[in-house]
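All remarks here apply to the structure that follows.
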Ligand code: 0T9
């Protein structure tokens, strides 16, 4: 493969073979240095809000359909960051740092142009399997997003197939005090280009955004050579509540989630992510607590960035050994790790209620409920 450094060719081949044989969870596989990212998975929920103005604009919707359309527009506009940004910043998809239990990530997007301050709280709520819980809020717009993210991986046709486990719920409180909820399911990923050492993500199959108002977005994803000649293609249908009167019109949108899309009927621009996005603002590493991601991984990340992989590996082992010791101590004392910001619940009533409207599978899922106890950063 082209992108694989000569000295890492055999380890890369070995690595691909081990991916093919280990199914389910790839997070703890040891990968060759050239494919390592210095960023932990706990930072990934920030991708949900790198266009904070689109998140804030949801509250400006004047009808249930208008708001459902704005939620869809915000969602589609996050996909470029979520799934192609490592290729842009690091040349290819890379293996993120595997978060430790209790790892935290806090951030915010400042108030600008009256959009309000948006804040982010992330906690690694499980190490094995890895599960990341997150909460994003724009209090002045009365919009919240809560979710958790896990993955089940398999290998097929030379690609890694990633089924995303978990979901997100978005809630907007309307001027009359009524809440409108949205259940957001997540697309399937195919990681291609592995043999050449230059992996990238393509999205596949279907994801949904179901509003409590009844409006449903059905989003279909395709890569090159299916219904479009282009990669990163989607088609979304926004359909009215079941049994709605004839005055309610469906809409559809299509295009590329990494560039632009339009209203299928009118041709009007729907999403355009060709302009700059806003990365999350995070406290200086020196000011962070020991469980905060960038402080926790500082030496490992520095080693990876500077090509000092011996230091990176040594520091990573130190963190992992410390974790193992912690788990042993807890077992000996018959205690368990206490989560800081989230409480696990076996059932999510909102998932069940909204999922029923479009026959979500599975019919029920667990959830991590935010405890409203995140740090107050700049008045958040
Ligand atoms: C939620 C996102 C998720 C996390 C990552 C599959 C993956 C871990 C999960 C799904 C975010 O909202 C969106 C984007 C990228 C996803 C990652 C891409 C990836 O490769 C990793 C997996 C665990 C690997 O590291 C596989 C090995 C690697 C060598 C391939 C580059």
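Structure values in brief
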| read-out | value |
| --- | --- |
| Single unsatisfied condition, residue 56 versus (1) within 22 Å of residue 121 (Cα to Cα); (2) surrounded by fewer than 18 Cβ atoms within 10 Å (Cβ to Cβ) | (2) |
| Residue list for region 204-260, restricted to those being closer than 23 Å to residue 351 by Cβ, at pLDDT 95 or above and not in a strand (DSSP E or B) | 212, 213, 214, 215, 240, 241 |
| Verdict on residue 194 being within 12 Å of the ligand (Cβ to nearest atom), assigned to a loop (DSSP other than H, G, I, E, B), crowded, with 17+ Cβ neighbours inside 10 Å and within 20 Å of the chain's Cα centre (by Cα) | no |
| Complete set of residues in region 346-365 that are within 15 Å of residue 146 (Cα to Cα) and loosely packed, with under 13 Cβ neighbours inside 10 Å | 347, 349 |
| Qualifying residue in region 296-317 (condition: assigned to a loop (DSSP other than H, G, I, E, B), exposed (fewer than 14 other Cβ atoms within 10 Å of the Cβ) and touching a strand residue (DSSP E or B) at 6+ places or on another chain (Cβ under 8 Å)) | no |
| Some residue of region 366-376 being surrounded by 15 or more Cβ atoms within 10 Å (Cβ to Cβ), in a loop (DSSP other than H, G, I, E, B), touching a helix residue (DSSP H, G or I) at 6+ places or on another chain (Cβ under 8 Å) and modelled with pLDDT of 95 or more | no |
| Scope region 151-165; condition buried (at least 16 other Cβ atoms within 10 Å of the Cβ) and within 19 Å of residue 28 (Cβ to Cβ); matching residues | 151, 153, 155, 160, 161, 162, 165 |
| Residues being closer than 21 Å to residue 140 by Cα and within 13 Å of the ligand (Cβ to nearest atom) - total across region 79-124 | 2 |
| Residue in region 120-140 that is touching a helix residue (DSSP H, G or I) at 6+ places or on another chain (Cβ under 9 Å) and farther than 25 Å from residue 375 by Cα present | no |
| Any hit, region 239-254, residues being free of Cβ contacts under 8 Å to residues at least 60 places away in the same chain and buried (at least 18 other Cβ atoms within 10 Å of the Cβ) | yes |
| Residues satisfying the stated conditions in region 217-231, i.e. crowded, with 16+ Cβ neighbours inside 10 Å and over 17 Å from residue 264 (Cβ atoms) | 223, 231 |
| Residue list for region 29-49, restricted to those being away from the ligand (no atom under 11 Å from the Cβ) and out of contact with any strand residue (DSSP E or B) (no Cβ under 8 Å at 6 or more places or on another chain) | 33 |
| Those residues of region 133-171 which are assigned to a strand (DSSP E or B), away from the ligand (no atom under 13 Å from the Cβ) and closer than 15 Å to residue 52 by Cα, in sequence order | 135, 137, 138, 143, 144, 170 |
| Residue 185 being touching a residue at least 24 places away in the same chain (Cβ under 8 Å), farther than 30 Å from residue 9 by Cβ, touching a strand residue (DSSP E or B) at 6+ places or on another chain (Cβ under 9 Å) and away from the ligand (no atom under 13 Å from the Cβ) | no |
| Residue tally, condition within 16 Å of the ligand (Cβ to nearest atom) and closer than 22 Å to residue 252 by Cβ, over region 55-78 | 5 |
| Odd one out for residue 4 among (1) modelled with pLDDT of 95 or more; (2) more than 11 Å from the ligand (Cβ to nearest atom); (3) part of a helix (DSSP H, G or I) | (3) |
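The values are calculated or read from the model by the stated rules, or taken from the named source; none is laboratory data. Predicted, not measured: the structure shown is a model, and the values here were computed from it. Note that each Cβ is placed from the backbone with ideal geometry, even for glycine, and that neighbours are counted across all protein chains shown.
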